[in-house]
Amino acid sequence: MGSNDSELLVDLFPWLKEYKDGTIERTAGFEVVPPGLDPETNVLSKDIVIIPESDVSARIYRPIFVPNDQKLPLAVYYHGGAFCVASPASPNYHTSLNMLVAEANIVVVSVGYRLAPEHPLGP
């Protein structure tokens, strides 16, 4: 937010602005919900680090009422946000995955990938 509009390089309204000095201003998609037990769905979520060197993480969701010997299907989920905004902790994805896990009785790993433009997709 320290840059002025004359230095604007890219404006991806309403999500983010990139300035010529390299500053990134995210204007949406940065809200987060903490992990934990959701009392409405009885789903437990936990944040884990996958690759510490690059800050790649994930949020794991699982039902809390599962017999010890029962195996559950696993789904891997990549959140929306055009690879520029949001995370597994974003309220809309967190709530949706809690409901999915409760309804389908599965485990979900929601990957928190690095975001562009700081981390471009191409080589």
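Structure notes:
- Taken over the stretch 14-69, the ratio of Cα radius of gyration to 2.2 N^0.38 Å equals 1.68.
- Restricting the GluC sites (Glu not before Pro) of the stretch 39-123 to loop positions (DSSP other than H, G, I, E, B) with no more than 14 neighbouring Cβ atoms within 10 Å leaves 40, 118.
- Computed over the chain, the per-residue total of -39500 (n - 2.57) for DSSP H runs of n ≥ 4 gives a 222 nm mean residue ellipticity of -3500 deg cm²/dmol, rounded to 500.
- Net +/- balance of residues flanking residue 110 in space, Cβ distance below 13 Å, scoring K and R +1, D and E -1: +2
- Radius of gyration and Dmax over the Cα atoms of the stretch 74-114, both given in Å: 10.2, 30
- Each Lys or Arg adds one and each Asp or Glu subtracts one; over the other residues with Cβ under 15 Å from the Cβ of residue 54, this totals -2.
- For the chain, the solvent-accessible area of protein heavy atoms averages 64 Å² per residue (probe radius 1.4 Å; ligands and nucleic acids excluded).
- Cβ-defined net charge surrounding residue 22, 11 Å radius [Lys, Arg +1; Asp, Glu -1]: -3
- The chain has equivalent-ellipsoid semi-axes of 34, 15, 11 Å, by the square roots of 5 times the alpha carbon gyration tensor eigenvalues, sorted largest first.
- Solvent exposure ordering (accessible area, 1.4 Å, most first) of 96, 110, 57: 96, 57, 110
- Rounded percent of accessible protein surface that carbon and sulfur make up, the chain, 1.4 Å probe: 59 percent
The values are calculated or read from the model by the stated rules, or taken from the named source; none is laboratory data. Everything numeric here is computed off the predicted structure, so don't read it as measured data. Heads up, the Cβs are rebuilt from the backbone with ideal geometry, glycines too, and the neighbour counts pull from every protein chain shown. Please note that ligands, DNA and RNA were not included when accessible areas were found on the heavy atoms of the full protein model with its side chains. Shrake-Rupley method; radii C 1.70, N 1.55, O 1.52, S 1.80 Å.
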